[in-house]
Each structure stands twice: as structure tokens, then as C-alpha cells.
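Down below is the structure, laid out as C-alpha cells.
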Amino acid sequence: GESTPSTRASAAGGAATTTEGDKGGKVKQLKSDWDQRRLDSWWNAYMQVNQKFSEVVASLVSGGDVVWVHDYHLALLPRMLREGRNESNIIGSSKDGGRHSFIPSNGPIDQKRLDEFVGPKNPTSVRMIFFIHVPFPTSQVFRELEHGEALLEGVLHADVVGFHAFDHARHFLNAAKRILGLTYESLVGGLIGVRHRGTKVLVTVSNVSVEGDIIDALLQFPMVKDEAAALQEKHGDRMIISGIAVAQRLSGVTYKLLAFERLLADYPVWQSKVVLLQRCLIPGARRVDEADTLREVRSLVVRIRNEFGPEVIDYEEQVGSVLPIDQRLAIWTSSRVMMHTPIREGLNLCPLEYVFARKEPADPGVVIASEFSAVSSILNGALRVNPYDIQMCVTSIDSALSMSQSERDARRGRDIDFVSTCPSGLWTRNVLRDLNDATLSKSTSSRMDVVGDSSPDSILAREAELGLERLDLLALQHAYKTSKMKRVIIIDFNGTLVVKEPAGKYLKREILGTSGFKPSHVTTLALARLCSDPLNTVYVVSGDSQQNLERAVGNVPGLGLAASNGTCFADPCRGQERLWQYLDFGVDWNAVKKVAMPIISKFTARTNGSFVKLSHSSIGWSYYSCDPEWGSLQASHLVTELGEALHSYDVRFVALKGIVEVVPRKGHKGHIVKKILEDARARSRHVDFVMCMGDDIADEKMFTSVINFSAGSEDENSYAFNVAVGKKPTNASFYVDDASDVGDILVALSGDMGLLNPQTSSDGSVASEDFFA
């Protein structure tokens, strides 16, 4: 059989070697780059480099200047600089140095503009940012470093430590806690503070995108257009799956090739329709790693070509760490799919380049991104994969290749705003603003309040949850059928009528790649059938905007709609345009927005995946698509800051699943439910069936209105069902497990159980009654 590579190292920590058997049976030996015996000399050299930088920087800066250190190469610099300036013990006690600041930018920064973001200079201490662009290892891995403690100490002498992903920040915080015994806490402004040196070091997460103006100019170069045309002509009608990666194990090129090979084997239809264009870069930084990786990659390329033909792979290698941007743009503009599968990586801008290069009017492409890359938490429209799961990768490639134009366009729409509007200049200003917040928060930090498990609130909540009954569908159907006067059905939208993945789930793979959500076709048909019954008054009540609600269910005839938590509504209508009416709670929204939007914009810039939702009578900040821990942390501090800024306005704050809303203090869904019920009773004198369904805290006011209405009813044979989606403390009397049960209930009440098992016609389409003609 074939010999397999093996690695051995001396018990005393000697040089590791890689051995491999060649075809002639001879064994050749490659010396590894890693040699434990040289560790002391490496560490001494590392300290000398950091010390040299420290001496030069110390001679250039003075008190209040800003020094920004990038990446692990200079992890000791913050501490050395503080010690060199006698700032190592207490922030604020130092000697003045030189006259210049080190501010990263693409050009000169106006001093007035700079002061706007970083605040006035402290006359004594230097302010420092340390930004780590690579993944930070877990504390277990970091503990294996002989000098890990010194590295952490060095970094923690900065005022702000920045990362591109919350995963990396969390690993850093755990390492600081487990290795140095430091604690961290939440601070005003949505940042995290690590107690160190008698002060707090701020930890933040922010992202940078590509330079759109430069790429726009380069896309017009004849060289780029010619290279793209040449690639398309070379591969004819085949769809191109592109990738550019360094030839090192962590780049995951081997897993990509294995997935592509499986795709061609399992989906023969793609053998004549697709080509993998892969460029491997050879920087020469890790010689043995690169040699091993290239050997594996070349072997797989040959195997795939022998099995499926030379046309299925366009593979080239290039010496260097970067492919020229004109060649990259030519590849991006000619590729239908960009596949990026590292098994460990910091922020790589290539996928962002790809999205930008294919912005309108270009045909949208699809990005397949590894879950282990920082970019997977930035691109909300990408297909996320685990490179180790070959079958998942194959399925994602097939989905990307066969994806409809509308979904590809929608996925691009979810990312193009960030990709186009966050160049390095804006990112720099955002980080400098965090530095200013760090200075201001040193004396105002506070802990987040948490209700203990033994508190009265927790005890009462648990008792209420234990008393909640599961909805009996047969009893509900009986009540519905025996009611003869007037029925009112009120349904919340998000999370009730529409199934959504939990806000706390990190990787929301099942989120639709379209703007907005819609109920299933079966649920929509059941709604239409219920609305067609003259005894029924059916409303969908949502916290979303009027436009989004109409887009989702506005085509159902006879359905009443209430948007913006009921502050705007349209009564049921059939065959005519909806007439929207508005409730006025006396809030000057222009004044509220003038105060609130700058604060919300700051948190939006800091929290990737978040966005602002403006409706008739509310301002919403959604963090549903963010890292759940980071999003929740930012949301809690956003509420605090908005509360202080808007205390004189007649508004309040509602924290729902994945969203924070500013709403009228007197406004809630209970008002519109009360109006719906009273109007129904006024028209028919009696309402003998009410069903209200909701899933979150904003729907509790709806349940209360139903309870109050039922208490005042004189009809002994009336029924009222308040149904919560999910078992939890609630004012509802019944619960169902999730939103999928809501659709089944509507189908059951409609009396057409055939909707759950639709009959297909001879042409394969679903045969169903057309309510939308």
C-alpha cells in the first residue's frame, strides 16, 4: 500500500520532522519550521523588535496622543511603551514625550475631525488601541504558550482591544480570566471592560469592508474586463465556482476540492455545466505546511481531472501572498459562486470584494463561507458551511448553482449596504469613537442587573408557567363551530403566523434569503378561507411597518391589518383598496428621531448585522441577525442610553426577541385589540368567539384586552381563547409549542384539512381554491 506521511519529534522538544515515502521506496525528510530548541532565541528576537518599536514611538508621542497597534506582531508594545513613559501603574501619571500621533488612515486626518471622534487630549497619558485581526485562540490553547501570560499583559496595557468577531473577543476574555485571573464586566455604552492596572481596558468588536471607490475605478479598466472576458471564453457556458487561498492547511483548500469531487459524483448533471477556478498562493512563510498542502491539493486536482475531465478544474499556483487586484476582480466578475472554506481565519476581504464587484447592475453571485471564518458573521446573505462536513458543502454548492435570480438578488441586498459603506476610513473613525467612549466610561462603568432565581418575580413567573395548559384543538374546534353570532380572530405576525428561528441561535442557516417573511402557502389559504366566512373578523397585528405587513399578507381578501403595534390599521376589505387609519398618541416623532438616531447609528456601526426599522409610530433597532451574545449586550446598553436621552419624551422602550423598539408610552397592541372587539360587538351586538394568538411580551397587552372584553360580556355561551406560542410566563390561558402549530390551527378552523395534504394535478401543481383572484 501507499506510505502515509508521519511526524515525529524528540521527547526533549527537539525539531519536528516530516517523513514521506516516494514511489521508489526511498524516504525523504523535510525539516519542520517549528523547532522547540530555538524557542528562547525566537522569544528574545520578538522582544527586541517590540522594544525597538517602543523606543521609536516613545520619542514621537506626547500625552494625549493616540497610538494604534495592529496585530500580534507587536503584542508587547503597549506595555513597553507605558513602562517607557512611566505610565505602567496608573493611567494619567506620565511624562510628556514628543509631538506626533500614530493614527491609521488612508490619508491625512483633519485635526478638528479627529477631535470629534476621539475627544480632547489627555495632557498626561498616551491613549492606545490594540486591534487583533487574526482569530484569538481558546484559553486552553493559549495556555500552552510558554510566554502567553506576557503576551496578554502586553495587550492589556492598551485602552481598547479590538476584534473582528465576538468569538475571538470571547476567547480573549476567557484567556484573561483563566490565565491572569482578571474579571470583566459590561459597561455603559455596550462595551466590555477588563479590570487591569487599577482601570478598565475596553474590548470591542467592529468590522471593515473594502475600498469601494478604488474597486469601482478598477472595474472600468480594460485590463480587468479583458481578463474576465478571457476567463468566460475559456470556460464557455460552464458556471464558474471561484476561490483564492494561501496554500496552507488552515485555508481549507483540500476540503473544498473534496466537496467539489463529491458534487460531480453525486450530481452528474453538473459535470458539463460547472468549473472550479482555484488559485493557490505560495507566500513561503510556512515552508513545510505549504509543501504538504500543495502535495495534497495537486494530488486531488489530478484525481478529479482524471475522473471527470480536465475541463472541470482551472487550477493555478502563484508565488506570493496576494493575487493582484486586477486578476482578483476579473475572477469575481466572471464567477457565479465564490467558495471560501478556511478552517481557521481572521478577516479576509476577498468575499467582500466579490459581493461588491457583483453589485447592481451586475448579475448577483453567491458566497459560500466557512463557519470558521470571521467573514461568515459579516455576510448575512452568504451560505454558511462547515468545511469538515463534506455533504453540507456539496448541498450548499448545489443550492448556490441552482439558486433563483430573485433569491441571489435578495442575498446580495442583505450585504451590499455594509460592503459598500464601511471603508477603512469610516471603520477608523468608529474605532476612535470607541476609544473616546473608553475614556469616558472609566468612571461610569456599571454592572448589568440580573434577577436572581430566588426573587419573588422569578417565583411568580415559574408558578404562572406551571399553570399554563396546552391548547386542546378539539375543544377549540367545538367552540368555533357552536358560535353563531360573531367570531373575532386576532393573530400576531412575526413568530406566530410566520416561523422564525430563535433570536438566540448563532448561525441562522434557515433564514430566508429574501427581504421580509411570508406565511406558508397553506397558512395563507387557511386565512383566506376564514376571512371568507361572514361570521368572522380576522386581523393580523404586527410590530412591523405597514409596507412590510402589506407585502406579506396584504393579498388575502377580507383580512384586517394592524401595523406598528396597532398605531396604524386597515379594516377588512374585499375587492377594494385598503383604507389605512392612524392612531395619534401625541408623540413628536421628528424630535424623537433627532435625538435617538445618532445613538442608534453608533450601536448599528458597532454591531454587525443590526439595522434600523422605521415605522409610522416607532423606531426599531434589530439585532436578530447578529451574534446573539454581542447583540443582546449592545441592546441592553442601547436601552440605557436611549432612556437617558429620551426621558423627557412621551415614549417607552420595548425589548423583544432580537429587537429594541421606541414606541409611544401609551401605545401598545392592546388598544387596537380593544377597538377591534368593540367594533365587532357594535356591528353584531354579540361576539361569542374570540381567539388571540401571540408569542412575545408585546402581545401580552392583547391578551389583557381580550380578558377585559370577555369579563364585560353578557353572553354566557361565549368563548375566549388567549394562546401563547411557547410555554412561558404569560397572561394567556393556553399555549402551543411553536409557530408551525398556528398554521395547523388555522387550517383546522377553516374546515379544510385537505390543505395539509393538497392534491396535485396532472401537471404537478397543487390544486387548491383560488382566493386571490
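Here are a few things to note about the model shown:
- Qualifying residue in the stretch 646-660 (condition: touching a Pro at 6+ places or on another chain (Cβ under 8 Å) and outside any strand (DSSP E or B)): yes
- Filtered residues of the stretch 641-652 (kept if surrounded by 16 or more Cβ atoms within 10 Å (Cβ to Cβ) and closer than 14 Å to Phe603 by Cβ): Glu641, Leu642
- Qualifying residue in the stretch 713-725 (condition: farther than 24 Å from Ser618 by Cα, part of a loop (DSSP other than H, G, I, E, B) and either at pLDDT 90 or above or among the small types (Gly, Ala, Ser) (or both)): yes
- Residue in the stretch 4-21 that is assigned to a loop (DSSP other than H, G, I, E, B), at pLDDT 50 or above and either of a type in the set (A, V, I, L, M, F, W, C) or touching a Lys or Arg at 6+ places or on another chain (Cβ under 7 Å) (or both) present: no
- Flag set for Asp737, criterion: modelled with pLDDT of 80 or more, of a type in the set (Asp, Glu) and surrounded by fewer than 15 Cβ atoms within 10 Å (Cβ to Cβ).
- Entirely in the stretch 540-588, the strands (runs of 3 or more DSSP E) that have 3 or more residues that are over 33 Å from the mean Cα position of the chain (by Cα) and either without any contact (Cβ under 8 Å) to a residue 12 or more places away in the chain or crowded, with 19+ Cβ neighbours inside 10 Å (or both): none
- Lone unmet requirement of (1) at negative phi; (2) more than 18 Å from the chain's Cα centre (by Cα) for Ile368: (2)
- Search result, residues across the stretch 614-631 that are crowded, with 16+ Cβ neighbours inside 10 Å, within 21 Å of Gly495 (Cα to Cα) and either β-branched (Val, Ile, Thr) or under 20 Å from the mean Cα position of the chain (by Cα) (or both): Ile619, Gly620, Trp621, Ser622, Tyr623, Tyr624, Ser625, Cys626, Asp627, Pro628, Gly631
- Some residue of the stretch 321-343 being open to solvent by 30 Å² or more (accessible area, probe 1.4 Å), within 30 Å of Ile214 (Cβ to Cβ) and free of Cβ contacts under 8 Å to residues at least 24 places away in the same chain: yes
- Single residue of the stretch 686-701 satisfying the filter (among the acidic types (Asp, Glu) and assigned to a helix (DSSP H, G or I)) that is surrounded by the most Cβ atoms within 10 Å (Cβ to Cβ): Asp699
- Of the candidates Val269, Val288, Val301, the single residue that is part of a helix (DSSP H, G or I), more than 32 Å from the chain's Cα centre (by Cα) and within 20 Å of Met392 (Cβ to Cβ) is Val269.
- Any chance Ala605 is outside any loop (DSSP other than H, G, I, E, B) and open to solvent by less than 10 Å² (accessible area, probe 1.4 Å): no
- Options Ser373, Ser420, Ser396: the member that is touching an Asp or Glu at 6+ places or on another chain (Cβ under 6 Å), modelled with pLDDT of 90 or more and among the polar types (S, T, N, Q): Ser373
- Some residue of the stretch 168-185 being touching a residue at least 60 places away in the same chain (Cβ under 8 Å) and outside any helix (DSSP H, G or I): yes
- Complete set of residues in the stretch 54-81 that are open to solvent by 60 Å² or more (accessible area, probe 1.4 Å), within 37 Å of the chain's Cα centre (by Cα) and under 17 Å from Val126 (Cα atoms): His70, Arg79
The values are calculated or read from the model by the stated rules, or taken from the named source; none is laboratory data. Quick caveat: nothing in here was measured; it's all calculated off a predicted structure. For neighbour counting, all protein chains shown are included, and Cβ atoms are generated from backbone atoms with ideal geometry for every residue, glycine included. Only protein heavy atoms, including side chains, enter the accessible area calculation; ligands, DNA and RNA are left aside. Shrake-Rupley method; radii C 1.70, N 1.55, O 1.52, S 1.80 Å.
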